[in-house]
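Have a look at the structure below before the remarks.
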Amino acid sequence: MLEILTQKLDTVFRKLSVKGKLSEKDIDEALRQVRLALLEADVNFKVVKEFLSRVQERAIGTEVMQSLTPAQQIIKIVNQELIAILGQEPCNLTSAIRLPAVALLVGLQGSGKTTTAVKLAVQLKQQGHRPLLVAADTRRPAAIQQLKLLGEQQGIPVYTENAEVAPTTICNHALGYAKETELTWVIIDTQGRLHVDEAMMTELTDIKSASLPSEVLLTVDAMTGQDAVRVAREFHERIRLTGLILTKMDGDARGGAALSIRFVTGVPIKFMGIGEKVADLERFYPDRLASRILGMGDMLTFIDRTEKAFDQQQAKQIERKMRTTGFNLEDILNQLRQIQKMGSLSQLVEMLPGFSKLAPDLPDGEGEARLKKMEAIVWSMTVEERRQPGIINGSRRRRIAHGSGTTPQDVNRLLSQFYQIQKLTRAMARGKSHGNMQKLLGVPYDRFYSR
Ligand SMILES: Nc1nc2c(ncn2[C@@H]2O[C@H](COP(=O)(O)OP(=O)(O)OP(=O)(O)O)[C@@H](O)[C@H]2O)c(=O)[nH]1
Ligand SMILES: [Mg+2]
């Protein structure tokens, strides 16, 4: 995601960092490079201009030039101004006083309305809401079927009618049904066309008046760059949007749409789609995207995900075990499964500080392959070996390697990692070394185990 921009900015800032004291000329040159990088990333020129003038004003001031670490000061300013351009604060969904609340999903053909509707319903359900999906795209053959299938796979009710029924009528009936069955959110999937046209806008306006949504959300394909920005402006002028959802941020989007759309339209970005799977929808945090763009990694998103994936109950059990009998390889097996639940490893790696530079070099699936290997090794051990790895001698090692399709060296590597963890957990049981555990897990230890 936005890798090219990240790499370019990284080069600019690295050049600055080696300089120590900065002259006005150094800063000018660096900002000129930043400007080029943003324009190449297809960021709207007005946004680039505004952004740079804000950065420049602050960078030339005494704030930077007299500080001991001028390069870092500049990165800090760029970061803060990026956040401002992206909307400053994250923006929640607005519910309604009288339930059910309605979210209307609109957007061009193929921009991700149907997929996003389901992703959103899944998130709402996870938060304890009772969502209903409504198939109001009667134009594209099979659209109703698509939503029905996707929704039902996720255990979410889908309201459908015959494709001959008018979308406004379908919405009215769906709302009645939601009230009767005490559902709390109604998410309406609508038709999409290749371009903004009169017929589509009329239909959307009608649906809007019939369903009185508290959210009118536009899905835009981030890969379409400035086109996405133009489309958003047109939709906003016609039907008043309350929020934007940038989809396909996992693709090779250059960043132009993400960095321009909020500033140009004034409509907040509320979510971003980062993959085809239902779990691939993230709330949009301006600060997190800014730090991702600057290659600082995204610790917060990472922590968020791990919290979701780590089964709290199981974490407590592990903790208790660590304190009493100590940690064994069966626990490692459990941990590995938890990590796999968190999503693709390359996605996770991209979020970790320092790892972002490695990410482009790590071929897709390689991290997963490594995890799978570790899992296979543990599976090839007997229960006794998992509980007391101390008994694993040369011949056992060869047997395990053979059984798991790995080498004795792989088995050794896993064991030595295990002993490191064990050493730490022992120290921890004596009440020390949280910091080391933190380093090892890559996230604050307390967030996992001390609940
Ligand atoms: N990689 C990726 N693919 C996505 C994302 N969101 C949607 N897609 C894919 O984009 C394609 C179109 O998505 P749909 O949800 O059907 O789009 P739509 O706006 O409902 O399209 P129409 O109903 O034809 O107007 C599908 O193949 C989705 O899997 C995303 O965030 N990342
Ligand atoms: Mg659709």
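None of the figures in this text is laboratory data; all of them are computed from the coordinates on show. The shown structure was predicted, so the numbers you read here are calculated from the model rather than taken from an experiment. All Cβ positions, even for glycine, are placed from backbone atoms using ideal geometry, and neighbour counts span all protein chains on display.
Using 10 Å bins from zero, what percent of all Cα-Cα pairs in region 168-250 falls into each bin?
Spelled out bin by bin, region 168-250 gives 15, 46, 28, 10, 0 percent.
Over region 191-242, what is the relative contact order in percent, taking alpha-carbon pairs closer than 8 angstrom and at least six residues apart? Write down the numbers at each step before the final one.
On the way: 26 pairs, mean separation 22.2, N = 52.
Relative contact order of region 191-242: 43 percent.
For region 85-199, restrict the atom set to alpha-carbon positions and state the Rg and Dmax in Å.
For region 85-199, the Cα radius of gyration and maximum Cα-Cα distance read 14.2, 44 Å.
Using alpha-carbon positions, what is the distance between the centroids of region 234-251 and region 96-117, in Å?
Spelled out, the Cα-based centre of one part sits 11 Å from the other.
Please work out the Cα center distance from region 382-397 to region 22-42, rounded to the nearest Å.
Computed from Cα coordinates, the inter-centre distance equals 58 Å.
In whole Hz, what ³J(HN,Hα) sequence does region 161-176 give by Karplus (6.51, -1.76, 1.60; θ = phi - 60°), x for Gly and Pro?
So the Karplus estimates, Gly and Pro as x, are 9, 4, 5, 7, 6, 5, x, 5, 5, 4, 5, 4, 4, 4, 5, x Hz.
P(r) tail for region 1-50, what percent of Cα pairs lie past 17 Å? If you can, show how the numbers build up before the last one.
Details: 458 of 1225 pairs.
When all Cα pairs of region 1-50 are counted, 37 percent exceed 17 Å.
Can you bin region 76-118 into rounded, prolate or oblate? Criterion: square roots of the alpha carbon gyration tensor eigenvalues sorted a ≥ b ≥ c, rounded for a/c under 1.5, prolate for a/b above b/c, oblate for the rest. Spell out each step's value before the answer.
Numbers: a/c = 4.25, a/b = 1.59, b/c = 2.67.
Oblate, since a/c reaches 1.5 and b/c is not below a/b.
If I take R0 = 41 Å and measure r between the Cβ atoms of Gln109 and Arg14 in this structure, what FRET efficiency does the formula 1/(1 + (r/R0)^6) give, to the nearest 0.05?
Details: r = 42 Å, r/R0 = 1.03.
E(calc), rounded to 0.05, equals 0.45.
I'd like the FRET efficiency for Ile4 and Glu384, computed as 1/(1 + (r/R0)^6) with the beta carbon distance as r and R0 of 45 Å, rounded to 0.05. Walk me through the numbers on the way to the answer.
On the way: r = 52 Å, r/R0 = 1.15.
That pair, Ile4 with Glu384, gives E of 0.30.
Give me the extension gain from Thr169 to Asp227: residue separation times 0.36 nm, minus the current Cα-Cα distance, reported in nm with one decimal.
Taking Thr169 through Asp227 to full extension adds about 17.6 nm, to one decimal.
A 26 angstrom limit on the alpha carbon distance is what I want to check against. Which of Lys46/Lys113; Lys208/Lys277; Lys248/Lys373; Lys113/Lys179 exceed it?
Details: Lys46/Lys113 29 Å; Lys208/Lys277 28 Å; Lys248/Lys373 30 Å; Lys113/Lys179 24 Å.
Cα-Cα > 26 Å for Lys46/Lys113; Lys208/Lys277; Lys248/Lys373; rest within.
With labels modelled as points extended 7 Å from the Cα through the Cβ direction, what inter-label distance (nm, one decimal) is found for Arg193 paired with Lys76?
Taking the two extended label points, one gets 5.2 nm.
So how much slack lies between Glu89 and Glu29, counting 0.36 nm per residue of separation and subtracting their Cα-Cα distance, in nm?
Numbers: separation 60, 0.36 × 60 = 21.60 nm, distance 3.05 nm.
The Glu89-Glu29 span can extend by a further 18.5 nm.
If each residue of separation counts as 0.36 nm, what is the full-extension length gain between Asn393 and Glu40 once their alpha-carbon separation is subtracted? Walk me through the numbers before you get to the answer.
Details: separation 353, 0.36 × 353 = 127.08 nm, distance 5.76 nm.
That works out to 121.3 nm of additional length.
What translational D, rounded to a whole number of µm²/s, comes out for region 139-283 from Stokes-Einstein when the hydrodynamic radius is the Kirkwood one over Cα pairs, at 4 °C and 1.567 mPa s? Don't jump to the answer; show the numbers that get you there.
Values: Rh = 16.5 Å.
For these conditions, the coefficient is 79 µm²/s.
Highest mean first, how do 146-154, 72-80 rank when packing is the count of other Cβ atoms within 10 Å averaged over residues?
Numbers: 146-154: 17.2, 72-80: 18.9.
Ranking, from highest mean packing down: 72-80, 146-154.
How much of the calculated P(r) for region 37-149 lies past 22 Å, in percent of all Cα pairs?
Details: 3722 of 6328 pairs.
When every Cα pair of region 37-149 is considered, 59 percent fall beyond 22 Å.
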